[in-house]
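Data block below; observations after.
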Amino acid sequence: MASRSLAATRPSSPHPEAHPGRRRPLRPLLAVAAVGALLLAVPLAASGAFYGSFALSDGIAPGVTVAGLSVGGLTVDQTAAALDDLWNRQLRLEVVDPPTGRAWTIMPAELGLSVDARQTAESAYSVGREQQLIEAVQKAATSLQQGIDVDPVVNVDLAAARRSLEAMAPTVGTPPQDASMEIIDGSLRIHPGLDGRMLDIDATLELMAADPAALLLRYGFVPLIFIPQPPAIADVQAAADQAERLLAAPAQLVAYDPVTDETLTWSPDRATIGGWIRVAEGGTPESIKLDPARISASIDEWATSLGAERHIDVAAAAAALQGTMLGSPARTIVITYRPTIYVAQGGESLAAIGFRHGLPTWKIQEYNPSTSPYLALPAGTQITLPPKDAMLLLPVVPDKRIVISISEQHMWTYEDGALRSEHVISTGIARSPTLPGLFQVLSHIEDAYASRWDLWMPHFLGIYDALPGFTNGIHGLPLLSSGVRLWGNVLGRPASYGCIILDLDAAEDAYTWAEDGVVVEIRR
């Protein structure tokens with residue numbers, strides 16, 4: 001505890017008693033002579049009456065003030081009570097936050113500050129009652145003529161002050177604000193970092209201890225001292241640059257429908273892309289990430305526009321789109337199809353329904369295992385139709401396509417959407433027809449042998465199984481074991497047992513050009 005005080009010793013009696021029969025010593029006589037000389041400065045009678053009256057009283061000398069408060073004539077108890085009421089009970093102290101100008105009022109005791117009213121009153125009482133008589137008379141005269149102001153004794157309880165400052169520290173301090181960024185409707189907004197501050201309790205206590213009286217009585221406030229607190233993340237410009245790169249990236253999803261032979265492109269706008277970007281803490285480029293879940297949600301929403309029958313592998317599409325945005329080559333997603341429900345007309349069989357929809361009987365029975373393939377179905381019977389792409393068993397080659405027309409006995413090949421070649425063909429005869437539908441090049445056999453007819457089929461491209469283990473395909477003019485070349489003069493009309501026949505050069509060209517996975521569309 002630090003304190004300032006003025007101590008005084010109150011005499012036991014204002015007038016020492018005389019002792020009869022004892023000669024007065026020379027020293028007191030000299031002192032009285034000195035007093036007499038001093039009192040020549042004021043009217044003699046008045047001065048003598050003043051000092052005598054004052055010395056015999058219990059009151060404080062006239063003209064004495066305590067920090068401007070007049071206490072002359074009051075007793076020590078009266079003065080102590082007045083000082084305690086004024087400064088310890090009524091006085092309010094301001095706590096000031098200099099950087100902001102904010103201030104609030106508290107009781108001084110809340111900060112451990114107090115006026116020692118009793119000690120201050122005794123200091124005021126000691127004026128004119130000094131041990132040296134000459135000094136005492138001088139002080140009494142000065143007080144009467146000019147007034148004497150006594151400094152209050154102010155104490156500071158640093159332990160109590162610390163407790164109060166610790167309690168207010170959370171409310172007066174300001175946490176730093178890290179720099180941050182956000183993306184709103186595809187636009188970047190950067191919020192700079194802001195310094196915070198923390199109450200410096202030790203420095204504030206040191207200031208209070210240095211001159212508590214000045215803080216309490218002269219200034220009437222205690223200034224708080226703060227320590228700056230810089231933000232952990234002061235700059236996010238590098239993260240903002242990375243986010244801008246993603247917003248400007250060529251975000252595009254390419255989806256190919258092998259059934260309709262169309263390519264669909266979806267290009268999300270900046271606002272949509274902005275919703276995919278996840279901003280983590282750190283302010284570095286690595287803190288900017290694409291959120292696969294958000295991308296998938298957007299793709300799933302777009303996929304609903306394709307209709308209930310078509311389907312997209314959303315996870316694969318999201319990975320492809322994200323890869324494109326991060327600089328990987330664009331990747332085409334293949335649209336797939338879902339099964340549908342078909343209501344049979346009276347007299348239809350699974351075989352007839354399958355032929356009508358371009359599906360082998362065995363494939364449609366896979367989806368309806370409890371239904372006989374050849375028996376007529378009652379009208380209204382619901383069966384499950386396999387997906388339209390059910391016969392596409394290999395990964396689809398999106399940039400090549402073979403189109404065959406049974407009615408026109410013609411075949412066309414396309415590459416990148418452009419016609420590459422066209423050929424006159426022969427398809428299956430009526431009792432062993434070529435099945436219309438959507439198929440695929442499944443195999444390459446340089447010279448396939450058909451034991452049932454004892455013939456060789458050059459440059460054979462297997463495209464579908466008419467029956468399990470019995471594959472129809474595209475090939476050149478067949479050759480019997482006897483060396484006879486068949487059907488060279490009948491191209492342009494049905495002649496085969498289900499295969500698609502080309503001349504030898506056309507067959508070789510198709511065999512070399514069409515890899516496994518190329519879609520073969522056979523139209524009626």
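The values are calculated or read from the model by the stated rules, or taken from the named source; none is laboratory data. What you are looking at is a predicted structure, and each value in this text was computed from that prediction instead of being measured. Because the Cβ atoms are built from the backbone with ideal geometry, glycine has one as well, and the counts that use them run over all protein chains shown.
So which of ASP509, ASP503 is under 60 Å from the mean Cα position of the chain (by Cα), touching a residue at least 60 places away in the same chain (Cβ under 8 Å) and within 21 Å of SER421 (Cα to Cα)? Reasoning before the result, please.
Values: ASP503 fails: under 60 Å from the mean Cα position of the chain (by Cα).
The conditions single out ASP509.
Could you tell me whether region 309-330 includes any residue that is closer than 30 Å to ILE429 by Cβ, surrounded by 19 or more Cβ atoms within 10 Å (Cβ to Cβ) and not hydrophobic (A, V, I, L, M, F, W, C)? Please lay out each step first, then the result.
Within region 309-330, the subset closer than 30 Å to ILE429 by Cβ is none.
No - not one qualifying residue is present in region 309-330.
Restricting to region 52-76, and then to whatever is assigned to a helix (DSSP H, G or I) and of a type in the set (A, V, I, L, M), can you tell me which residue is nearest to VAL150 (Cα to Cα)? Break it down stepwise before answering.
Taking region 52-76 first, the residues assigned to a helix (DSSP H, G or I) are 52-56, 76.
Narrowing the set further to residues that are of a type in the set (A, V, I, L, M) leaves 55-56, 76.
Numbers: ALA55: 19, LEU56: 22, VAL76: 14 Å.
That would be VAL76.
Restricting the search to region 363-413, which residues are surrounded by 16 or more Cβ atoms within 10 Å (Cβ to Cβ) and either of a type in the set (Phe, Trp, Tyr) or touching a Cys at 6+ places or on another chain (Cβ under 9 Å) (or both)?
TYR367, TRP412
So, of the residues in region 169-181 that are out of contact with any Phe, Trp or Tyr (no Cβ under 9 Å at 6 or more places or on another chain) and in a helix (DSSP H, G or I), which turns out to be surrounded by the most Cβ atoms within 10 Å (Cβ to Cβ)? I'd like the intermediate steps shown before the answer.
Filtering region 169-181 down to residues out of contact with any Phe, Trp or Tyr (no Cβ under 9 Å at 6 or more places or on another chain) leaves 169-171, 175-181.
Checking which are in a helix (DSSP H, G or I) leaves us with 169-171.
Working: ALA169: 16, PRO170: 10, THR171: 9.
That would be ALA169.
If ASP85 passes every condition in (1) touching a helix residue (DSSP H, G or I) at 6+ places or on another chain (Cβ under 6 Å); (2) loosely packed, with under 15 Cβ neighbours inside 10 Å but one, which one does it miss?
Only one criterion is unmet by ASP85, namely (1).
Restricting attention to region 495-506, does a residue exist that is under 17 Å from VAL403 (Cβ atoms) and touching a Leu at 6+ places or on another chain (Cβ under 8 Å)?
First, the residues of region 495-506 that are under 17 Å from VAL403 (Cβ atoms): 499-502, 506.
Applying the additional criterion that residues be touching a Leu at 6+ places or on another chain (Cβ under 8 Å) yields 501-502.
Yes: one or more hits.
Among the residues of region 137-149, write down those that are modelled with pLDDT under 85 and among the β-branched types (Val, Ile, Thr).
Result: VAL137, single match.
What's the number of the condition SER114 fails, among (1) loosely packed, with under 15 Cβ neighbours inside 10 Å; (2) in a strand (DSSP E or B); (3) in contact with a helix residue (DSSP H, G or I) (Cβ under 8 Å, 6 or more places away or on another chain)?
Answer for SER114: the failing condition is (1).
Within region 453-493, restricting attention to residues that are in a loop (DSSP other than H, G, I, E, B) and free of Cβ contacts under 8 Å to residues at least 24 places away in the same chain, which residue is surrounded by the most Cβ atoms within 10 Å (Cβ to Cβ)? So that I can check it myself, show each step before the final result.
Kept after step one, since they are in a loop (DSSP other than H, G, I, E, B), are these residues of region 453-493: 453-454, 468-469, 477-478, 481-484, 486-493.
Now drop any that are not free of Cβ contacts under 8 Å to residues at least 24 places away in the same chain, which leaves 469, 482-484, 488-489.
Working: GLY469: 6, SER482: 7, GLY483: 6, VAL484: 10, GLY488: 12, ASN489: 9.
Looking at residues that are in a loop (DSSP other than H, G, I, E, B) and free of Cβ contacts under 8 Å to residues at least 24 places away in the same chain, I get GLY488.
On the basis of being in contact with a strand residue (DSSP E or B) (Cβ under 6 Å, 6 or more places away or on another chain) and in a helix (DSSP H, G or I), does ALA239 make the cut? It would help to see each step written out before you state the result.
Details: in contact with a strand residue (DSSP E or B) (Cβ under 6 Å, 6 or more places away or on another chain): yes; in a helix (DSSP H, G or I): yes.
Against the criterion (in contact with a strand residue (DSSP E or B) (Cβ under 6 Å, 6 or more places away or on another chain) and in a helix (DSSP H, G or I)), ALA239 qualifies.
Quick one: ILE134 ticks every box in (1) modelled with pLDDT of 90 or more; (2) over 27 Å from ASP85 (Cβ atoms); (3) out of contact with any Asp or Glu (no Cβ under 7 Å at 6 or more places or on another chain) except a single one, so which number is it?
Answer for ILE134: the failing condition is (1).
May I ask you to list the residues in region 208-228 that are crowded, with 16+ Cβ neighbours inside 10 Å and in a helix (DSSP H, G or I)?
Hits for region 208-228 are MET208, PRO212, ALA213, LEU215, LEU216, LEU217.
Would you please list the contacts, defined by Cβ atoms under 8 Å and residues six or more apart or on different chains, that run from a residue in region 431-445 that is in the same structural domain as PRO458 (by TED's automatic domain parsing) to a residue that is in a strand (DSSP E or B) and of a type in the set (S, T, N, Q)?
If the second residue must be in a strand (DSSP E or B) and of a type in the set (S, T, N, Q), the pairs left are SER432/SER496; THR434/ASN472; THR434/SER496; LEU435/ASN472; LEU442/THR471; SER443/THR471.
Provide a single number: the residues in region 326-360 that are among the hydroxyl-bearing types (Ser, Thr, Tyr) and free of Cβ contacts under 8 Å to residues at least 40 places away in the same chain.
Quick first cut of region 326-360, residues among the hydroxyl-bearing types (Ser, Thr, Tyr) only: 328, 332, 336-337, 340, 342, 349.
From the residues that got through so far, the ones that are free of Cβ contacts under 8 Å to residues at least 40 places away in the same chain too are 328, 349.
Matching residues across region 326-360 total 2.
Of the residues that sit in region 130-146 and are more than 11 Å from VAL64 (Cα to Cα) and exposed (fewer than 12 other Cβ atoms within 10 Å of the Cβ), which one is farthest from the chain's Cα centre (by Cα)?
For region 130-146, the residue satisfying everything is GLN132.
How many of the residues in region 192-207 are within 20 Å of the chain's Cα centre (by Cα), touching a residue at least 40 places away in the same chain (Cβ under 8 Å) and assigned to a strand (DSSP E or B)?
Of the residues in that region, 0 qualify.
Spot the failing condition for SER451; the list is (1) in contact with an Asp or Glu (Cβ under 8 Å, 6 or more places away or on another chain); (2) more than 27 Å from ALA390 (Cβ to Cβ), and only one is missed.
Exception for SER451: condition (1).
Can you name every residue in region 414-452 that is part of a strand (DSSP E or B), surrounded by fewer than 20 Cβ atoms within 10 Å (Cβ to Cβ) and either among the β-branched types (Val, Ile, Thr) or in contact with a Gly (Cβ under 9 Å, 6 or more places away or on another chain) (or both)?
Answer for region 414-452, where residues must be part of a strand (DSSP E or B), surrounded by fewer than 20 Cβ atoms within 10 Å (Cβ to Cβ) and either among the β-branched types (Val, Ile, Thr) or in contact with a Gly (Cβ under 9 Å, 6 or more places away or on another chain) (or both): VAL424, SER443, HIS444, ILE445.
Is it true that some residue in region 405-412 is outside any strand (DSSP E or B) and either free of Cβ contacts under 8 Å to residues at least 40 places away in the same chain or not assigned by TED's automatic domain parsing to the domain that holds LEU504 (or both)?
For region 405-412, residues outside any strand (DSSP E or B) and either free of Cβ contacts under 8 Å to residues at least 40 places away in the same chain or not assigned by TED's automatic domain parsing to the domain that holds LEU504 (or both): present.
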